[in-house]
């Protein structure tokens, strides 16, 4: 396998062994995908916006057979936009709403929750749920964490206790984390997986419907201590799906490639694993991860991808945060142009590295 000028392009391509085998045999096409994965990460998604427009607005438009889109947190919001009647317009709307969100100097979790709900409701509009659940080939799956015990409380002291216990349990093993968090996946009822893509964590599959789509999306992005717990289908205690499935370390397909446009070269299994360096992904054999290079990231405002810390950094300068985030959003087109070049030239093997 030869790699030419890979350091000169703004994207890195990393493939698991099964994905690499497919790339070597047949390259990459819309029909070689088994799933698309969307990681949690809040504002980090802004670097992916233009690639999402390319992927869902044109490249996958020729897809004929059903394709599961599986996301947690902002990943599920991206896919809700991608499954609208005009995905490019919807992704633009989501990006605008996301960049322009503003808060008081000391926002409560109620205020943050209300802003997040407003973003989702404006994204979907009057007919967005019907568009998503009636899409020709896309099948949306939204991952949420259903909190158990103290992790389901909105009282700060009890929530601190609950997540302290969850953190310690997770340090011992991910299996023990399932005592505190169960995985509930709200899935397009038209699709049935032929394998088990969501092992362990007391996983429950629930039907995604027009009446629960907004709540499921909001629940999937409900960060503890930042947003309130969310009620879905009359059942309380839902929070961010990234708590369990942060960067989609899951066997999401039993054939084909799992495409994951990502904002980081590092893939972290669960949100509580961020500071556990010895815990490595184990179920990404079919993943093709596409992410910006460190060199490109260094050219962005503050030499980094936007993240939630920017709300504190620019607490007294919200207009500057918006300008910086808008610049990143504009420059995301550079990543889309690079991806479009790879699609046109079909030169994946010149650039791909093992995941």
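Any read-out appearing in this document is the output of simple, stated calculations on the displayed coordinates, not a laboratory observation. Values in this document were obtained by computation on a predicted structure and should not be read as measured data. When we count neighbours, we look across all protein chains shown, and the Cβ atoms used for this are built from the backbone with ideal geometry, even at glycine.
Quick look at the values:
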quantity: Distance between segment 282-324 and segment 252-275 - C-alpha centres, whole angstrom; calculated: 17 Å
quantity: Rg in Å to one decimal, and Dmax rounded to a whole Å, for segment 1-141 via C-alpha atoms; calculated: 17.2, 55
quantity: Pairwise label distance in nanometres, residue 294 with residue 118, each label 7 Å out on the Cα-Cβ vector; calculated: 4.0 nm
quantity: Hull volume in cubic angstrom per residue (convex hull over the Cα atoms of segment 6-354); calculated: 125 Å³
quantity: Taking the C-alpha atoms of segment 129-266, convex hull volume expressed per residue in Å³; calculated: 126 Å³
quantity: Rounded FRET efficiency, nearest 0.05, which uses the C-beta distance separating residue 89 from residue 345 and R0 of 30 Å; calculated: 0.60
quantity: Net lengthening on full extension, residue 307/residue 26 (0.36 nm per residue, minus Cα-Cα); calculated: 97.5 nm
quantity: Normalised contact order of the chain, rounded percent, pairs of Cα under 8 Å and 6 or more residues apart; calculated: 30 percent
quantity: Protection-proxy order for peptides 278-288, 77-87, each taking the mean of Cβ atoms within 10 Å per residue, highest first; calculated: 77-87, 278-288
quantity: Relative packing of 148-157, 266-275, which averages over residues the other C-beta atoms within 10 Å, highest first; calculated: 266-275, 148-157
quantity: Pairwise label distance in nanometres, residue 130 with residue 255, each label 7 Å out on the Cα-Cβ vector; calculated: 3.5 nm
quantity: Segment 147-205: radius of gyration over Cα atoms, expressed as a fraction of 2.2 N^0.38 Å; calculated: 1.35
quantity: Virtual spin-label span in nm between residue 209 and residue 274, 7 Å along Cα→Cβ; calculated: 3.5 nm
quantity: For segment 36-99 and segment 108-130, distance of Cα centres in Å; calculated: 16 Å
quantity: Stretch gain in nm, segment residue 191-residue 231, where the contour uses 0.36 nm per residue and the Cα spacing is subtracted; calculated: 12.0 nm
